[in-house]
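These notes concern the structure reproduced below.
What follows draws every value from the coordinates through simple rules; no lab data is involved. Quantities reported herein were computed from a predicted structural model and do not represent experimental measurements. Cβ: placed from backbone, ideal geometry, glycine included. Neighbour counts: every protein chain shown.
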Amino acid sequence: MPLRPLTAMVRKDLQLFFTDRRAVIMSFAVPIAIASFFGSIFSGPRGNAKPATIAVIVVDQDESTISQAVVAGLEQDRNLKVSRTAVDDARERVRRGRTSAAILIPKGFGDAAGLAFFSGQEKPALDVLFDPSHSMEVAMVRGILTAHVMQAVSAEMFGGRRGGELVDQTLAGLDSTSMPEDRRKLLRDLLGSVQTFYRQPDRSAGGTGLRGGLTMPYTVREEAMTAGTNVAYNGYAHSFAGMGIQFLLFAMANLGIEMLLERQRGLWKRLRSAPVSRLSLLAGKTVSGTIISLMTLSVSFGFAMIVFGVRIQGSLIGFLAVSTACALMAATFGLLVAAVGRTPASARGVTTLAVLMMVMLGGAWVPTFIFPAWLQQATLVVPARWAVDGLDAMTWRGIGVRGAIAPTLVLLGFAALFAGIASMRFRWEEA
């Protein structure tokens, strides 16, 4: 392949790119802005910053000792932002999306929950009104509510004045239940022992700690698996990887559409009359597209490193390999657009949809773990998935050069596939 005409075509494409201010802004500034926005959302709180809370309304229609203890526990929970209002107002605020959920504690809930604590019969219902667009938050609220209700009910049943009355009431009503005699005797002995134990004064130095009610019998030690023990997760690394790949594909798709415009104007027909082979022409577009893509990705990550502290915690060589493979894949994707597209207008609409689908399925917008299991496996045929995973591995995950081998090879495979199809389908003249 002659090197001189190839170099001339690459130089011409780069000069045209940098003289087009719109292309430069779209390639450099826009991905930085969008990646910064997504990174600020998904990075989570830093240092001693207060974590995000879930807005919840609590309506206590019971106002018993147990219900008041439940409300107090919810108000002290660091994961919730609790407010109190009337029932009708709570329904309206949830309906309008002003709060995620509302918990309605009905009249008689405390006594009913206390009586059901040991017998398990006639369990009272708590009403939870929720915004269907916040279903994941409602699942968290349900779990938090369960813990506080169990603690409040058990505390009252084991040490409270009303709890003692409810235990007496439960004992008195045992004979009228359908429970077998042997089980009634066991429950009667249990309740009698509970009354005797918890009604005795606590004379120990520090107290038994049981009068506070049942609590979770374990604690959780959390460890974020990042590049190292003292290396915190930086969500900007993932967002810049995802948005960088997205705009590489958009930029190279636009390059393919420009090639379609050049074909419409007869430019490619004139180029074919020059002593330049088809391979040199397509290779020139590929090389220039790869250089532009690599510059775009480098500028984006350079900004992330300076402003947001993103670091290459894994392998620098691996990062360069994955980045180069991403750039080459994007450049050949542009050739594919030019090869299979019939007109610039039709190609623009199809490629926009194709790029958006690729980056969405590749985990650039939302994490892939929320996808169904079958879709998570299906996304392995999407090049954007390998690109994002490869850049993640080289940045915040801190995986060595071995973590770059598979993404690099797969991306190069996609590049070869796109280039092969483009070379076979490319039309040099208008039909």
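The alpha-carbon of LYS12 sits under 16 angstrom from the alpha-carbons of these lysines, leaving out residues fewer than 8 places away in its chain: LYS285.
Once the Cα-Cα distance is subtracted from the 0.36 nm per residue extended length, the THR177 to SER346 segment shows a gain of 53.3 nm.
Normalising the average separation of contacting C-alpha pairs (under 8 angstrom, six or more residues apart) by the number of residues puts the relative contact order of segment 54-199 at 24 percent. Compactness check for the chain: Cα Rg over 2.2 N^0.38 Å is 1.46. Taking other residues whose beta carbon is less than 12 angstrom from the beta carbon of THR19, and scoring Lys, Arg as +1 and Asp, Glu as -1, yields +1.
Exposure proxy ranking for GLU156, GLU92, based on other Cβ atoms within 10 angstrom of each Cβ and starting from the fewest, stands as GLU92, GLU156.
The listed peptides 161-171, 67-77, ordered by packing as a protection proxy, come out as 67-77, 161-171 (highest mean of other Cβ atoms within 10 Å first).
Per-residue Cβ neighbour counts within 10 Å put PHE414, PHE38 in the sequence PHE38, PHE414, beginning with the fewest.
Normalising the average separation of contacting C-alpha pairs (under 8 angstrom, six or more residues apart) by the number of residues puts the relative contact order of the chain at 18 percent. By the beta-carbon count within 10 Å of each Cβ, the least crowded to most crowded order of TRP386, TRP365, TRP374, TRP268, fewest first, is TRP374, TRP365, TRP268, TRP386. The helix-based estimate of mean residue ellipticity at 222 nm for the chain, built from -39,500 (n - 2.57) per DSSP H run of four or more residues and divided by its residue count, is -22000 deg cm²/dmol to the nearest 500.
From the Cα gyration tensor of segment 294-398, with a ≥ b ≥ c the square roots of its eigenvalues, which class applies: rounded if a/c is under 1.5, or else prolate if a/b is larger than b/c, or else oblate? Judged from the Cα gyration tensor, segment 294-398 comes out oblate (a/c at least 1.5, b/c at or above a/b).
A Förster radius of 41 Å, combined with the Cβ-Cβ distance separating MET305 from LEU267, puts the computed FRET efficiency at roughly 0.55.
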